[in-house]
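The values are calculated or read from the model by the stated rules, or taken from the named source; none is laboratory data. Remember, it's a predicted structure, so these values are computed and weren't measured experimentally. Backbone-built Cβ (ideal geometry, glycine too); neighbour counts: all protein chains shown.
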Amino acid sequence: MHLVLTSLLLGCAGSDPAPEPTPEPAPVEAPAPPTPPKYAALFGTLPEVMADDPATLTDAKIDLGRSLYYDPRLSKNHDISCNSCHQLDKYGVDGEPTSPGHKGARGDRNSPTSYNAALHIAQFWDGRAPDVEAQAKGPVLNPVEMAMPTADVVVEVLTSIPGYPPLFEAAFGDATITYDRMAEAIGAFERKLVTPGPFDAYLAGDSEALTDAEKAGLDLFVTTGCTTCHIGPGVGGSMYQKLGLVKPYETEDVGRSKATGKDADKYFFKVPSLRNIEKTGPYFHDGSIATLDEAVRLMGTHQLGKDLTDEQVQSIVTFLGALTGEIPTEYVAKPTLPESGPTTPKADPS
Ligand code: HEC
Ligand code: HEC
């Protein structure tokens with residue numbers, strides 16, 4: 001040891017002859033690196049907050065957004081809020097094929113869940129809104145949804161409710177209420193509507209988080225080709241694809257071409273996220289498919305040209321159950337809404 005040290009020191013001083021190279025220390029037995037769970041790379045990681053810059057989502061903005069999400073005074077007849085169609089205690093849906101809006105009117109499309117929606121490349125079945133903030137401006141003025149006449153009227157209503165200006169001030173630095181700020185606050189609230197579940201624990205390396213049956217279903221989901229489209233942390237939501245890609249699917253809704261005006265986009269829809277899918281039926285853009293079994297079977301036939309057996313459908317459905325996450329009960333608890341003021345317009349059933 002002494003000799004080695006001496007020759008090293010001499011070596012440092014730059015004198016001849018060059019010292020013998022010191023023998024490499026025997027390698028310490030390194031623990032085997034954890035094997036990444038199967039298919040982890042296909043899905044990536046569900047973020048805790050669905051925002052590029054989570055710092056912009058202040059508590060004040062989120063609290064305001066939560067109130068607005070639940071406030072029926074954003075509807076003409078004070079009877080419909082975002083939560084009417086996207087019920088946060090029901091995985092963000094209302095369980096109806098299409099949802100009743102103002103005077104019970106219904107649109108043509110099924111209400112998708114607001115949970116995990118901020119992950120998607122864009123919002124709506126056809127992707128016509130770029131993000132949740134832009135999306136939030138739609139339903140308030142939609143005549144078959146909340147049916148407010150104009151954005152200015154919405155601003156007047158919010159300004160007339162004495163509790164709102166201070167909430168806007170806390171969120172935005174001054175008490176000015178605008179339609180854009182309303183949408184921004186709702187979006188901020190939605191960006192934390194994340195529901196991690198057993199599948200995420202599995203992807204994070206807990207191989208026990210899925211049962212053997214769920215793992216077999218995951219295998220089948222991948223090997224059948226579902227992940228050509230339902231991929232990424234949302235298990236969907238990351239691309240547009242044609243409904244009826246392999247075998248034409250009959251529907252009156254032309255999907256994305258209505259938003260882009262392009263013929264090539266006919267029957268293209270945003271590939272839906274399959275998170276919480278067991279809880280968000282009925283299925284498809286028009287809510288016409290009652291059960292998850294049937295939705296999976298149709299996907300095999302029309303998207304992949306594969307007629308899945310009942311056992312295969314069951315196996316995939318078993319896996320899809322592991323995509324049911326936990327509702328953030330405290331985060332989504334309905335707040336006490338600020339009371340109307342003397343000038344707040346009354347409900348208008350007309
Ligand atoms: C009357 C029912 C109804 C109300 C009220 C309503 N929505 Fe929706 N929402 C829908 C329907 C239907 C769609 C799909 C429409 C489409 O794709 O053309 C949708 C789509 C969405 C999406 C897109 C999700 C995705 O996967 O693309 C989000 C997010 C959303 N709504 C949030 C809100 C918010 C926030 C409010 C309140 C400001 C609101 N909704 C009010 C019915 C409703
Ligand atoms: C070529 C792309 C593609 C493939 C492959 C594909 N899907 Fe889909 N999937 C879609 C599209 C697009 C929709 C939306 C259908 C609609 O708008 O009505 C969808 C819808 C669904 C739905 C209904 C979601 C909802 O919220 O209503 C389920 C469930 C589903 N797919 C599961 C699967 C399974 C399981 C497989 C494999 C057997 C699969 N998909 C293969 C593109 C695909």
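Among the listed residues Gly95, Gly163, Gly138, which satisfies the condition of being at pLDDT 95 or above, of a type outside the set (Phe, Trp, Tyr) and closer than 23 Å to Val254 by Cα?
That would be Gly138, the only listed residue that is at pLDDT 95 or above, of a type outside the set (Phe, Trp, Tyr) and closer than 23 Å to Val254 by Cα.
Only residues that are surrounded by fewer than 20 Cβ atoms within 10 Å (Cβ to Cβ) and in contact with an Asp or Glu (Cβ under 9 Å, 6 or more places away or on another chain): list them for the stretch 99-129, please.
Pro100, Ala105, Arg106, Gly107, Asp108, Arg109, Ala122
One line per residue, one yes/no per condition, for (1) among the aliphatic types (A, V, I, L, M); (2) under 23 Å from the mean Cα position of the chain (by Cα); (3) farther than 27 Å from Lys90 by Cβ:
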site: Met182; (1), (2), (3): yes, yes, no
site: Ile186; (1), (2), (3): yes, yes, no
site: Phe199; (1), (2), (3): no, yes, no
site: Val222; (1), (2), (3): yes, yes, yes
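Any residue in the stretch 242-255 that is at pLDDT 95 or above, touching a His at 6+ places or on another chain (Cβ under 8 Å), among the charged types (D, E, K, R) and within 16 Å of ligand 1 (Cβ to nearest atom)?
Yes.
Are any residues in the stretch 114-152 near ligand 1 (Cβ under 7 Å from one of its atoms) and among the hydroxyl-bearing types (Ser, Thr, Tyr), and if so, which ones?
If the condition is that a residue be near ligand 1 (Cβ under 7 Å from one of its atoms) and among the hydroxyl-bearing types (Ser, Thr, Tyr), then Ser114 is the only one that fits.
Taking only the stretch 272-303 into account, find how many residues are in contact with a Pro (Cβ under 9 Å, 6 or more places away or on another chain), hydroxyl-bearing (Ser, Thr, Tyr) and more than 16 Å from ligand 1 (Cβ to nearest atom).
Summing the residues that are in contact with a Pro (Cβ under 9 Å, 6 or more places away or on another chain), hydroxyl-bearing (Ser, Thr, Tyr) and more than 16 Å from ligand 1 (Cβ to nearest atom) in the stretch 272-303 gives 1.
Could you tell me how many of the residues in the stretch 278-290 are touching a Phe, Trp or Tyr at 6+ places or on another chain (Cβ under 8 Å) and within 10 Å of ligand 2 (Cβ to nearest atom)?
Number satisfying all stated conditions: 3.
Condition check ((1) farther than 30 Å from Ser315 by Cβ; (2) in contact with a strand residue (DSSP E or B) (Cβ under 6 Å, 6 or more places away or on another chain); (3) basic (Lys, Arg); (4) surrounded by fewer than 19 Cβ atoms within 10 Å (Cβ to Cβ)) across all residues:
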{"site": "Pro149", "(1), (2), (3), (4)": "yes, no, no, yes"}
{"site": "Leu158", "(1), (2), (3), (4)": "yes, no, no, no"}
{"site": "Pro166", "(1), (2), (3), (4)": "yes, no, no, yes"}
{"site": "Met182", "(1), (2), (3), (4)": "yes, no, no, no"}
{"site": "Thr195", "(1), (2), (3), (4)": "no, no, no, no"}
{"site": "Thr223", "(1), (2), (3), (4)": "no, no, no, yes"}
{"site": "Cys226", "(1), (2), (3), (4)": "no, no, no, no"}
{"site": "His230", "(1), (2), (3), (4)": "no, no, no, no"}
{"site": "Gly236", "(1), (2), (3), (4)": "no, no, no, no"}
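Would you mind telling me which numbered condition in (1) part of a helix (DSSP H, G or I); (2) modelled with pLDDT under 95 Gly205 fails?
(1)
Out of everything in the stretch 253-277 that is acidic (Asp, Glu) and more than 9 Å from ligand 2 (Cβ to nearest atom), what residue ends up being surrounded by the most Cβ atoms within 10 Å (Cβ to Cβ)?
The extreme case among them is Asp265.
Identify all residues within the stretch 205-245 that are within 8 Å of ligand 2 (Cβ to nearest atom), out of contact with any Cys (no Cβ under 8 Å at 6 or more places or on another chain) and either small (Gly, Ala, Ser) or within 15 Å of Phe269 (Cα to Cα) (or both); write none if there are none.
Gly225, Thr228, Cys229, His230, Tyr240, Lys242, Leu243, Leu245
Just to verify a result, which residue in the stretch 296-334, among those that are crowded, with 17+ Cβ neighbours inside 10 Å and under 17 Å from the mean Cα position of the chain (by Cα), is farthest from ligand 2 (Cβ to nearest atom)?
Out of the qualifying residues, it is Val332.
With the requirement that a residue be within 10 Å of ligand 1 (Cβ to nearest atom), of a type outside the set (Asp, Glu) and under 19 Å from Ser273 (Cβ atoms), what does the stretch 79-96 give you?
Matches in the stretch 79-96: Cys82, Cys85, His86, Gly92, Val93.
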